[in-house]
Each structure stands twice: as structure tokens, then as C-alpha cells.
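Here's the structure, in C-alpha cells; my notes come after.
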Amino acid sequence: MSLKNLNKTQRSAVEATKGPVLIFAGAGSGKTRVLTHKIYYLIREGLYNPEDILAVTFTNKAAQEMKLRIGKLLNNPQTDISIGTFHSICASILRNHIQHLGYTNNFVIYDSADKLDLLRITLEKLNISKTIMTPKGVASQISLFKNQMISPDEIGQKARTVAEKKLAEVYPAYQKALRDNNAVDFDDLLLLPLELFEKHPRILSSYQKKWKYVLVDEYQDTNLPQFLLVSKLAEKHQQICVVGDDDQSIYGWRGADIRNILDFEKIFPNCTIFTLEKNYRSTQKILDAATIVVKNNVDRTAKKLYSVQGTGEKLGFIRTMDELEEADAVISALEKEIKLNKRTFSDFAILYRVNAQSRALEDSFRRMGIPYNIVGGIRFYERKEVKDMLAYLRLILNLKDTVSLRRVVNFPPRGIGIKTVNKCVQRAEEAGKELLEILADPTGMDIRGKQADSLRTFYSIIIKYHDLIDKLDARELIAALSEEVGILNYYKNSDDPEELERYQNIRELFNSVDAYIGRNPQGGLKGFIEEVSLLTAIDSWNDQENRVTLMTLHSAKGLEFPIVFITGLEDGLFPLYRSLDNRKELEEERRLFYVGLTRAKNRVYLLYATHRRRMGADYDLGLMSRFIREIPEEYLEEIPFSSALTRKVIKTKPGRIKVRKTRTVTTFDDFKIGDSVEHAIFGVGVIKALSGTGENQRVGVVFKDGLKKKLIVKYANLKKNGA
């Protein structure tokens, strides 16, 4: 194996083996190839033995890929090279030496769930109510402190407000609890080796001698502890090579510091710098547009990417009325790509800034029978907070639904523990009554006080809304119910970003109900629940292999697709509102847009909605994202689009509007079993099963190659053959 398959710059970077090396690797420029070939070169040339080398990356997948590639290059899958994630390498160090810090070598590593459980116990011991701070909120704060290497003592000294003083109590108590349990969390895995090296220089010296050459992948994503770790390991021998792209630094919100890569030569002043600019992934038009946008950032190094894939097409730009039409536009463009360019579903990625945006897309994809996967998240209707709300609705519709009852009887928390629920279940079985009915009178089970009151209140709420099913429309009912049981406030009052996203998802569920009623004015709550259940069944019934990918822009990093759609390109959504007045945050949002664009091999579609429902039924006016405006017109092809829904804008109050929707297509064919039909994406097929009539008809179709789909007629746009 030689280096002949590397370009000139890649080869120079591989062969630079004396002193620090910094490789700026532009998107799609083959950084993994350079990294693996460099390790191969160091060993092949006899410069280092395999056991002398340490290679660090961020994910287990990346580490496994690196091991696989190096094994192939060396014709030896079993080498003694230390390759792993920061956390796995640190865990290995601690297994050997953690006893010097007061732990034993059989320490356990707490994951996020374990961490929350321990924080709940800690908060209870300190008599701190969840109304003051939640375990998740505290976990997020403590993690931030650790990433910034702020100790419990420092927090105590700086505390001024009541919340800060409470946090100054919890932080050291949590750390003590970890130690008492002989446990470390993921942040401690990075911090404790630094403490070990500081207190025991001989241990640091032993690792500096052990790992004579250090390589770091995705260096732009390192935080302060990671930066210090690799700096200390290479401090004496200066034999370090870091690879990264400052234009793809998108994790500042979790502690990553772009200055680590930009200031590398200040820490290692004699470093050699290489810039990989030859792109093997995207067309030149995509690269030019991405570069023009990201050049608006101050914190970056200059680079000019050039493509080996040719000029390519302009970036498609689609302006839509709202998120429903946006989803229609995505499907329309997808259909054309499949017809004209023979694309498959797996060629497409739909990217968005926040998870809540997937709801409208998922609904449309399911209605059209298009298979999809959610990457880096779970399907909208399968998210915990959405399932909790749906469980309330199902219980209200069906008072015998004990599965839904068990799910929500203590959510939001109302002091009803598992032992109490088990008592109720046992009593219901003994009395031959429904479980819900038993909750009306808990005193017969020796349940008194707050728990008894909570059970009675829960029972009353369920019965109340059961009786209101036919008196309130579905939108009014779900809004009133969520307010009364306190789900919205439970998530809204948290400082934890994850909890706030759950709040947004609950509000997005309201939008889903609203959209359903808009399509089916007589449908009601029962119809909505049936549709959600039916669509989920259809989705699982579709083929499993060839699927469109839906994911956040953060999840897309490191991936590539022939066709990429970036949705929700409005100022306030992408970039987020909070970044508009903060240069560093806005620059990170711009880098995220750059990452999104450079995932595409052949074509990019940018979508913007003039109105978008955000966390409620009213529409916000949408201003086109500055990122689109930063792309010169000659790189954009505006694609006109209008869906089958006509929307009339109705002004309500300043800055808020409502939209009334009507369907322009009003006639539908009735199909029968045996009919030959044609679908815009799936081609010609035969109807094998059906139910209902007119626009509510559902059909099961077997298409060419045996592909089976269950479709809703009013969305599928099926055409009869020979009619």
C-alpha cells in the first residue's frame, strides 16, 4: 500500500512527522483518509511502533471506522494502537490510577439516567423542591460548570441569587454522593485524569513516554478539559497532529471552543499548517454558496474549496405559505427528482433546526406513504411528552384504558408512587371494578392524605373531560386539559433546554390537532387519535430499507446525501432568535448552515415559510433567513410552488395572524379492488385492499417489484389506468 491515492496536500500532511501539525480539513476533503494514512505512514516508515501512538476522536463509530481502515492499510486488523474516544481513553487511565484520587478501581460510570436519579436523591436530602430546581436543570448546569472547569468552591464564592446559592449547595453534595457511590459521571471522566496528572506528575510523565505521537480528530469540537488533556500529553515531545475544520465547529452550546483550533499555533508555535481544500463530495456551486455565507464569520481561517464533481446545479429556493405547504413542497421536489433523475428514497435528507419541525413533515410523509427514518431523535408521536399527552386523550376517550392510566396517573408528578398504583390495581381486581373507578374512593385501601387527594383529583379531571368530549372541539379540549393537569407549566418553567424543547413539542401537538380539524372539520378528538394510530401502523407496514432521512442539522454532521433539503429558513428559527444579538452564537448558527449545505453531493433545496405556527395556533410572520439572503442570486433557482390547500390570512393582533384553510381539490375517484393505478413516486400498481369511500378512502396497493403501500386517497393523487 502506497500514498499514491492521496492528493499533493494530503500526502504532504501525511509525511510531515517532525513537530506539531495542524490540518485544516474543509468539508468533504478526506480528513479521515489523511488521519488513517498518517498512522499507517508512521508505522510503515519505522518512525513509531503501534503501541507508541494515541489517536482520539469523539464517537465510537468514528473510532471503529479508524481502526478498520488502519487495519486494512497495515494488513493487520489486530494492532496495539490506542484508538478511542476521549471518554474511553480517560476511563482506561482512571482504571489504572483512580485509587490515587480516593476511589477504587472498580468505580462505576453513571450515564445520564443514573445522574438524574442521584440528583433526585440529592435534592430530596437537601429539601429542595422541584418547583425551585429540577434534576434535569441542575444536571445541565453542573455539566456546563464541569466543561468550563468551574469547581464547587468557585460556584459557592460567586453565588449571589437564591437560585445560585441553592446550586452552590447541590453541586458539592452531588459530587460527594458520586464519591460515596464510587461513581463518576461522563464529565468527571475528562476532569479526573487532569486532576490525577496535576497531583501526580509521575503518572503524567509515564503517559507522555507511553504515547510518543498523539493524533486528534474533529479538533474544532474539543472543550477545555479535552484541550488540556491532549496538550499535556504532547507537552514534552511536541509530536501531535490535530485535524479539524473551524467552519464546522457547531457545539459551543455544550462547551466546545473554536479558539482551540484557531489558536493551536499559539500553544504549539513551531507547528506546520496544511489546508485541505480539494472537495470530493459536493458540486462547485454548493461549495461556493457555502463558502460565501461562512465568509461572513470573523472567527475563521481563510480557505477556498474546489470540487472534483464539476459545476453542478443551482441551489433550489422554494418560498411557501406555512409549514404545511413547506412539507408539500418537499414532497413535490422529491417526486420530481425521483421521476427525472431516477432517485431512490435513501438519496434524500430533510434537515431542520429543531426537532419540533419534524411533525408537519412526518404527517405529510405518512399520508403520502413515503417511508422515512428519524436520525438523532425519535418520531414525533413517539416522544415521551407527546405520548404522555396522547395517553391522557386516549384515557378520556376510553375509561377502560389502564395502560394509558398507568402512564399518566403520576404525570406531572402528584405524589402517587408505584406502591399506591399497585394497591389500586389489587383493589380493582378484588372488587371486579375498573381501575379508574377505584381511584374515586381510595380510603378503602388505607390511602389517605395527599395521595388520596391526588387520586380523587386525577379521577375527577378524567371524568370531567370525558363528559366534555362532545361539548368541546378537539382543539379546545386538549388546550384546557393540558392547562388543568399542568403539563405545559411542568415543562415551561424549567431552565433545562431539553425540557423547553418538550414544551415546544406539546405545543406542536396542538398544531397537529389544529391541522387535523382543518382537514376534517367533523373529525373530532376520536378521529384525530384514530388517524395518529392508523398512520403509525401504515408507517410500520411500509418497506424498511429504502427511506428518506429526517434529522436536525446537528445530527447531519459527518454524513452525506445526494439531495439535501434545509427547511425552516426564517430569521428566529434558523438562525435562532437568541443568536441574533450575539455575534459568537450567530457565527455558530452560520457554521451550522455551512454544515447543512456541505452534506449535499448533487443538489440543495432551501425552504422558507412566510408564516409559521410556533407553539400555538396563531401564525408568526416569517422573515427570510439572512443565510439565504447572503447567497448571491446567481447561485439560486427560485422554484414556484403552491399546494392543494388555499389559505386566507386573517389579521388578529399586531404581529399575530390566523390562517383559514380550504382544499381546492374537491372531487375524488372511488377505487375498487383490482383497479390498476399510477402513483407519482411508486409508479404503476394494483389495488389489493380498500376501506371507506371518496376522499376518506384508504387503499392497499401492490406496486412493481412487490412494493406494498397503504395510502389515503385524498393525499396520494392516484390515477386510474384505462379510466
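The values are calculated or read from the model by the stated rules, or taken from the named source; none is laboratory data. Fair warning: this is a prediction, and the values are worked out from it, not measured in the lab. Neighbour counts run over all protein chains shown; Cβ positions are idealised from the backbone, glycine included. Please note that ligands, DNA and RNA were not included when accessible areas were found on the heavy atoms of the full protein model with its side chains. Shrake-Rupley method; radii C 1.70, N 1.55, O 1.52, S 1.80 Å.
Which one, 205, 183, 674, projects farthest toward the positive side of the charge dipole computed for the chain from Cβ point charges (K/R +1, D/E -1)?
674
Tell me, what is the Rg over Rh of the range 271-381, with Rh the Kirkwood radius over Cα pairs?
Answer for the range 271-381: 1.04.
Take the alpha-carbon positions of the range 178-227, form their convex hull, and give its projected area averaged over all directions (one quarter of the hull surface) in nm².
4.5
Once you order the gyration tensor axes a ≥ b ≥ c over the Cα atoms, which shape class does the range 69-173 get: rounded for a/c under 1.5, otherwise prolate or oblate by comparing a/b with b/c?
prolate
Among the GluC sites (Glu not before Pro) in the range 379-467, which ones are in a DSSP loop with at most 14 other Cβ atoms within 10 Å of the Cβ? Mind listing them?
434
Return the percentage of antiparallel bridges among DSSP beta bridges fully within the chain, rounded to the nearest 5 %.
Given both bridge residues lie in the chain, the antiparallel proportion sits at roughly 40 percent.
Enumerate lysine pairs in the range 356-475 that are 8 or more residues apart or on different chains, then count those whose Cα atoms are under 17 Å apart.
The result is 5.
When the Cα centres of the range 1-80 and the range 249-280 are compared, how far apart do they sit, in Å?
Rounded to whole Å, the Cα centres lie 18 Å apart.
Show which lysines lie in cross-link reach of residue 158 when reach means a straight Cα distance below 21 angstrom and same-chain residues fewer than eight apart are skipped.
Within the straight-line cut-off, residue 158 pairs with 146, 166, 176.
Which of the aspartates and glutamates could a cross-linker bridge to residue 336, judged by Cα under 17 Å and excluding same-chain residues fewer than eight apart?
Output for residue 336: 313, 325, 326, 328, 347, 637, 638, 678.
Name the residue farthest towards the positive end of the dipole of the chain from the options 86, 290, 550, assuming +1 on Cβ of Lys and Arg, -1 on Cβ of Asp and Glu, about the Cα centre.
Going by the charge dipole, the pick is 290.
List the pairs from 339/720; 8/342; 67/304; 342/720 whose alpha-carbon separation is above 27 Å, in the order I gave them.
8/342; 67/304
Using only the alpha-carbon atoms, what does the range 93-155 span along each of its principal axes? Please give whole angstrom values in decreasing order.
42, 23, 19
Assigning unit charges at the beta carbon (Lys, Arg +1; Asp, Glu -1) and nothing else, what dipole magnitude in debye, to the nearest 20, does the range 281-409 show about its Cα centre?
The dipole magnitude comes to about 400 debye.
With a cap of 13 neighbouring Cβ atoms within 10 Å, and only residues DSSP puts in a loop, list the trypsin sites (Lys or Arg not before Pro) found in the range 297-390.
304, 342
Where the centre of each part is set by its Cα atoms, how far does the range 145-196 sit from the range 704-723, in angstrom?
The range 145-196 and the range 704-723 have Cα centres spaced 59 Å from each other.
Could you give the size of the charge dipole of the chain about its Cα centre, using +1 on the Cβ of each K and R and -1 on the Cβ of each D and E, expressed in debye and rounded to the nearest 20?
That gives a dipole near 720 debye.
Could you point to the residue in 440, 234, 525 farthest towards the positive end of the chain's charge dipole, with +1 and -1 charges on the Cβ of Lys/Arg and Asp/Glu respectively?
The listed residue farthest towards the positive side: 234.
Largest first and in whole Å, give the semi-axes of the range 1-67's equivalent ellipsoid, each being the square root of 5 times a Cα gyration tensor eigenvalue.
Working from the Cα gyration tensor, I get semi-axes of 17, 17, 12 Å.
Using protein chains only and a probe of 1.4 angstrom, how many square angstrom of residue 149 are accessible, to the nearest 10?
The accessible area of residue 149 comes to roughly 70 Å².
Could you size up the charge dipole of the range 87-172 around its Cα centre, putting +1 on the beta carbon of Lys and Arg and -1 on that of Asp and Glu, and report it in debye to the nearest 20?
Here the size comes out at about 180 debye.
For the range 442-533, what does the convex hull of the Cα positions come to per residue, in cubic angstrom?
Each residue corresponds to 129 Å³ of Cα convex hull volume.
With a cap of 11 neighbouring Cβ atoms within 10 Å, and only residues DSSP puts in a loop, list the GluC sites (Glu not before Pro) found in the range 27-126.
Counting only loop positions with at most 11 other Cβ atoms within 10 Å, the GluC sites (Glu not before Pro) in the range 27-126 are 45.
Given 37 °C and 0.692 mPa s, compute D for the chain with the Stokes-Einstein relation, Rh being the Kirkwood radius over Cα pairs; round to the nearest whole µm²/s.
114
If the viscosity is 1.567 mPa s and the temperature 4 °C, what translational diffusion coefficient in µm²/s does Stokes-Einstein give for the range 200-245 when Rh comes from Kirkwood over Cα pairs?
Value of D from the Cα-based Kirkwood radius: 118 µm²/s.
Over the Cα atoms of the range 364-488, compute the convex hull volume and normalise it per residue, giving Å³.
Spelled out: Cα convex hull of the range 364-488, divided by residues, is 140 Å³.
May I have the convex hull volume per residue, in Å³, for the Cα set of the range 184-324?
Cα convex hull per residue, to the nearest whole number: 168 Å³.
Output the pairs from 672/710; 688/719; 232/295; 72/303; 136/492 with a Cα-Cα distance over 23 Å in this structure; if there are none, say none.
Listed pairs above 23 Å: 232/295; 72/303.
Once the principal axes of the Cα atoms of the range 33-85 are found, what is the range along each, listed largest first in whole angstroms?
29, 20, 19
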